[in-house]
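The values are calculated or read from the model by the stated rules, or taken from the named source; none is laboratory data. Everything quoted here is computed from the prediction, not taken from an experiment. Counting neighbours? That spans all protein chains shown, and the Cβs are built from the backbone with ideal geometry, glycine included. Calculation scope for accessible area: heavy atoms of the full protein, side chains included, ligands and nucleic acids excluded. Shrake-Rupley method; radii C 1.70, N 1.55, O 1.52, S 1.80 Å.
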Protein chains: 2
Amino acid sequence: MDQVEIFKALSNKTRLQILTWLKEPELHFPEQPNADFENVGVCVGQIQIKSGLSQSTISEYLSILQRADLINSTRVGQWTYYKRNKEGLKKLSNIINTEL
Amino acid sequence: MDQVEIFKALSNKTRLQILTWLKEPELHFPEQPNADFENVGVCVGQIQIKSGLSQSTISEYLSILQRADLINSTRVGQWTYYKRNKEGLKKLSNIINTEL
DNA sequence: TTGGTATATCGGGAAAAGTCGATATACATT
DNA sequence: AATGTATATCGACTTTTCCCGATATACCAA
């Protein structure tokens, strides 16, 4: 993954917020039936509601974050759950500490 | 400084390169008469030559990086020297480690 | 298999960023 | 004062990003 693409993914207010929400889902989202925040994350619909932006926009934003390895997804039935990608975030912090 | 603006500053190939160049100036720029890399950094002209982009573009890019607190400048005579801002970079790595 | 719900993809209009050449400003030298 | 050099700012054009509504796809339930 290109470094520029990682920073592009982060250079949008809503996408940054999504990442902060996903860091502590229980603080930002209602309980989910049949899906554990820790295991699978938060479903698109909840993120969309919280963001106030359209469904299509949020779906795209999530895939931008995923392409940047900042989050990853799990499909369960008709739902897609997204959660933080710890490794990707660690890698990013490493880039900043060692290359910039 | 807004977090989004920091990431925007970094979401451009040339600006990222400038930061990596400024991390080890002696590896990327010729010796400068009357100006120490460690003290003041590298002058705009040298950065511009190395980048291959126009003078006006590089001047703007440097001010974008400066507004994001990623570099800072020192004027000496007719030259402006830019160098890395260690504190700003540390703060950024901190944001990633604690907020995202 | 029909209809309902969740998410993804597509097409487009508006706003922002990338990048340039021209010009302005600041400083140094004669 | 006049000229030369380094950098900053301006105006314009092109490309990219933002964000939407409409549509497609995937899955589920009756």
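Quick notes on this structure:
- Of residues in the range A:1-11 being more than 7 Å from every other protein chain (Cβ to nearest Cβ) and at pLDDT 95 or above, the one most open to solvent (accessible area, probe 1.4 Å): A:E5
- Subset of the range B:55-93 (residues that are out of contact with any helix residue (DSSP H, G or I) (no Cβ under 7 Å at 6 or more places or on another chain) and within 17 Å of B:K23 (Cα to Cα)): B:Q66, B:T74, B:Y81, B:N85, B:K86, B:E87, B:G88, B:K90, B:K91
- Residue check, A:L89 part of a helix (DSSP H, G or I) and in contact with a strand residue (DSSP E or B) (Cβ under 7 Å, 6 or more places away or on another chain): no
- Some residue of the range B:14-35 being within 15 Å of B:N85 (Cβ to Cβ), surrounded by fewer than 17 Cβ atoms within 10 Å (Cβ to Cβ) and within 10 Å of DNA strand D (Cβ to nearest atom): no
- Matching entry among B:T80, B:T57 (being more than 10 Å from chain A (Cβ to nearest Cβ), surrounded by 15 or more Cβ atoms within 10 Å (Cβ to Cβ), of a type in the set (S, T, Y) and near DNA strand D (Cβ under 9 Å from one of its atoms)): B:T80
- Test result for B:E31, charged (D, E, K, R) and more than 17 Å from A:L100 (Cα to Cα): yes
- Cross-chain or 6+ apart pairs with Cβ under 9 Å, the range A:14-38 first and part of a helix (DSSP H, G or I), then small (G, A, S): A:T14/A:S51; A:T14/A:G52; A:R15/A:A9; A:Q17/A:S51; A:I18/A:S51; A:W21/A:S51; A:L22/A:G41; A:P25/A:G41
- Within the range A:60-77, the residues that satisfy the criterion of being under 19 Å from A:K8 (Cβ atoms) and within 13 Å of DNA strand D (Cβ to nearest atom) are A:E60, A:Y61, A:L62, A:S63, A:I64, A:L65, A:R67, A:A68.
- B:I96, sole failed condition from (1) more than 14 Å from every other protein chain (Cβ to nearest Cβ); (2) modelled with pLDDT of 95 or more; (3) in contact with a helix residue (DSSP H, G or I) (Cβ under 9 Å, 6 or more places away or on another chain): (1)
- Members of the range A:60-76 found to be within 8 Å of DNA strand C (Cβ to nearest atom) and either within 14 Å of chain B (Cβ to nearest Cβ) or outside any strand (DSSP E or B) (or both), listed by number: A:E60, A:L62, A:S63
- Tabulated pairs, the range A:47-69, first of a type in the set (F, W, Y), second modelled with pLDDT of 95 or more, C-beta under 9 angstrom, 6+ apart or interchain: A:Y61/A:A9; A:Y61/A:N12; A:Y61/A:T14; A:Y61/A:R15; A:Y61/A:I18; A:Y61/A:I47; A:Y61/A:S51; A:Y61/A:L53
- Criterion: of a type in the set (S, T, N, Q), surrounded by 18 or more Cβ atoms within 10 Å (Cβ to Cβ) and more than 13 Å from DNA strand D (Cβ to nearest atom) - qualifying residue of A:N39, A:N85: A:N85
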